[in-house]
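Sharing a structure below in structure tokens format, with a few things to ask.
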Amino acid sequence: MAGNMFAKLVTAGAAGALIGAAVVATAAPEFNTRGNRFKALTYAELTPDQRTFADREIAAGRKPETGPFNIQLRSPEMADLWRPYNDYLRFKAPEPRKFKEIAIMLTSRYWGGQYVWYSHRQQALDAGLSPAFITAMAAGDRPAKMSADEATVYDFCSQLLSTRQVSDNNFKSMTDLVGERGIVDLVALIGQYTGLTMLFVVDRYPVPPGAPDAVNKPM
């Protein structure tokens with residue numbers, strides 16, 4: 001009787017292993033992370049905490065092969081906290097989208113963040129920035145043609161990044177444009193994308209073949 005029980009346990013264990021392997025095999029083709037120094041992880045390599053994070057993000061519609069997914073797997077607890085903060089700054093903070101994209105693009109340019117620049121260039125165009133505006137930023141030049149509000153945001157953000165200070169004139173102009181809340185939100189956005197861009201730079205995260213090579217060196 002004991003022998004029969006042992007045999008059943010062995011059979012059940014083998015069946016469970018096969019089912020588990022089938023689940024992993026099914027999930028793995030849809031889990032194509034991208035990375036460089038941070039090795040691209042497979043679903044089978046994830047720890048329980050990483051897998052919980054990955055499952056939740058995928059269920060929410062996020063694709064493992066895009067953006068910082070593979071980097072964030074290294075610290076899923078940090079990534080859980082990062083997501084709502086990033087969503088607020090990018091999508092819920094009341095400042096115009098165009099202002100946010102200026103801040104993000106300048107931050108990317110400052111760090112030589114090629115992937116962030118590549119991934120936000122079309123978003124900046126969609127937000128209303130002209131191709132000439134973006135080309136000038138890529139070259140490290142002040143755009144020749146800007147609306148008054150674009151110039152205010154550009155001068156504030158570029159001065160903060162390049163000198164680590166903001167003049168009284170630029171502070172007053174930004175306060176008149178977006179208020180003190182807007183200043184806090186946009187500076188926080190610069191900080192958020194400083195951290196994100198640095199992670200991509202540390203990883204030497206790959207951009208797709210043929211992507212513009214405009215900002216692969218820091219200012």
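Just the number: Rg to Rh for the chain, Cα atoms, Kirkwood Rh, two decimals.
1.16
Turning to a different aspect of this structure: When the Karplus curve 6.51 cos²θ - 1.76 cosθ + 1.60 is applied with θ = phi - 60°, which whole-Hz ³J(HN,Hα) does each residue of the range 33-47 get, with x for Gly and Pro?
For the range 33-47, the Karplus-derived couplings read 6, 10, x, 9, 5, 7, 3, 5, 7, 8, 4, 5, 7, 6, 6 Hz, x marking Gly and Pro.
Can you list the aspartates and glutamates whose alpha carbon sits under 15 Å from that of K92, skipping same-chain ones fewer than 8 residues off?
Result set, ordered by chain and number: E101, D185.
Say R0 is 35 Å: what FRET efficiency, to the nearest 0.05, do M78 and T175 get from their beta-carbon distance? Show your work: numbers first, answer last.
Numbers: r = 32 Å, r/R0 = 0.93.
Once rounded, the FRET efficiency stands at 0.60.
Suppose R0 equals 22 Å; then what is the FRET efficiency for Q159 and T194 from their Cβ-Cβ distance, rounded to the nearest 0.05?
0.90
In addition: Gaussian network model of the chain, Cα springs within a sub-10 Å range: biggest mean-square fluctuation belongs to which of R62, R34, R121?
R62
Which of the helices in the chain, when you take each full DSSP H run, stretch at least 30 Å along the axis at their Cα atoms and have an average Kyte-Doolittle score of 1.0 or higher?
Flagged H segments are 2-27.
Only four residue types carry charge here, +1 at the Cβ of Lys and Arg and -1 at the Cβ of Asp and Glu. Report the dipole size of the chain about the Cα centre in Debye, rounded to the nearest 20.
400
Now for a different question. Could you rank the peptides 98-104, 204-210 by their average count of other C-beta atoms within 10 Å per residue, with the highest value first?
98-104, 204-210
Right, here's the next one. In whole percent, how big is the carbon plus sulfur part of the accessible area of the range 92-134, probe 1.4 Å, protein atoms only?
52
Here's something else I'd like to know. Before rounding to the nearest 500, sum -39500 (n - 2.57) across all DSSP H runs of length at least 4 in the chain and divide by the residue total; then give [θ] at 222 nm in deg cm²/dmol.
It comes out at -21500 deg cm²/dmol, rounded to the nearest 500.
With a cut-off of 8 Å between alpha carbons and a minimum separation of six or more residues, what is the relative contact order of the chain in percent?
Once divided by the residue count of the chain, the mean separation gives 26 percent.
I'd like the FRET efficiency for T42 and R90, computed as 1/(1 + (r/R0)^6) with the beta carbon distance as r and R0 of 30 Å, rounded to 0.05. Could the numbers behind the result be given before it?
On the way: r = 29 Å, r/R0 = 0.98.
Plugging the Cβ-Cβ distance into 1/(1 + (r/R0)^6) gives 0.55.
A follow-up question, please. Suppose each label sits 7 Å from its Cα in the direction of the beta carbon; what would the D49-A144 distance come out to in nanometres?
With each label placed 7 Å out from Cα toward Cβ, I get 5.3 nm.
Can you tell me the accessible area per residue over the chain, all protein chains present, probe 1.4 angstrom, in square angstrom? Write out the running numbers ahead of the final one.
Working: 11980 Å² over 219 residues.
Ligands and nucleic acids excluded, the figure is 55 Å² per residue.
The values are calculated or read from the model by the stated rules, or taken from the named source; none is laboratory data. Quick caveat: nothing in here was measured; it's all calculated off a predicted structure. For neighbour counting, all protein chains shown are included, and Cβ atoms are generated from backbone atoms with ideal geometry for every residue, glycine included. Remember, those area values only see protein heavy atoms, side chains included, never the ligands or the DNA or RNA. Shrake-Rupley method; radii C 1.70, N 1.55, O 1.52, S 1.80 Å.
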